[in-house]
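The values are calculated or read from the model by the stated rules, or taken from the named source; none is laboratory data. Worth saying up front: this structure is predicted, and the values here are computed from it rather than measured. Here the Cβ is made from the backbone with ideal geometry for all residues, glycine too, and neighbour counts use every protein chain on show.
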Amino acid sequence: MKADALRGHLDALLLATLDGRQLHGYAIIEALQQRSGGALDLPTGTVYPALRRLERAGYVSSAWSTVGGRQRRTYRLTQSGVETLHSERRAWREFTSAIEGVLEGKVIPSQASAKT
């Protein structure tokens with residue numbers, strides 16, 4: 001799957017991959033591959049700039065560590081990142097429900113009528 005197909009979803013995928021874990025960049029890429037059954041094979045040139053953007057936004061924090069004699073930058077979610085991930089998951093469920101309704105020819109109750 002190409003990075004262009006993920007436009008608008010990459011941040012949520014990275015936040016979900018870091019949920020409850022602290023990982024270095026390459027481990028994040030590997031986790032995305034594994035969790036997607038190999039469909040998400042993103043280049044470092046896509047993932048690392050997104051991680052830096054998420055860090056600037058305050059959703060992830062990073063720290064340098066030494067593993068096997070090599071320096072690695074590890075990333076983890078901040079509290080703001082956890083909250084954003086919850087929001088992204090809720091939005092994704094709503095989006096997929098709406099799209100499924102259209103593709104499957106189902107009528108999905110509107111959000112407005114569900115709240116009354």
Subject >> Among residues of region 69-89, those that are more than 16 Å from the chain's Cα centre (by Cα) and without any contact (Cβ under 8 Å) to a residue 12 or more places away in the chain, counted >> reply: 3
Original post:
Across region 45-69, what is the number of residues that are surrounded by 12 or more Cβ atoms within 10 Å (Cβ to Cβ), of a type outside the set (Gly, Ala, Ser) and over 17 Å from residue 82 (Cβ atoms)?
Top reply: 5
Original post:
Out of region 46-65, which residues are hydroxyl-bearing (Ser, Thr, Tyr), at pLDDT 95 or above and in a strand (DSSP E or B)?
Top reply: 61, 62
**OP:** Check residue 52 against each of (1) under 13 Å from the mean Cα position of the chain (by Cα); (2) more than 30 Å from residue 110 (Cβ to Cβ) and name the one condition it does not meet.
**Re:** (1)
Original post:
If you check residue 81 against the conditions, is it surrounded by 14 or more Cβ atoms within 10 Å (Cβ to Cβ) and either in contact with a strand residue (DSSP E or B) (Cβ under 9 Å, 6 or more places away or on another chain) or assigned to a helix (DSSP H, G or I) (or both)?
Top reply: yes
Original post:
When only residues in region 34-44 that are in contact (Cβ under 8 Å) with a residue 12 or more places away in the chain and farther than 13 Å from residue 6 by Cβ count, which is surrounded by the most Cβ atoms within 10 Å (Cβ to Cβ)?
Top reply: 35
**OP:** Give 98, 31, 91 a once-over and let me know the one that is in a helix (DSSP H, G or I) and buried (at least 17 other Cβ atoms within 10 Å of the Cβ).
**Re:** 31
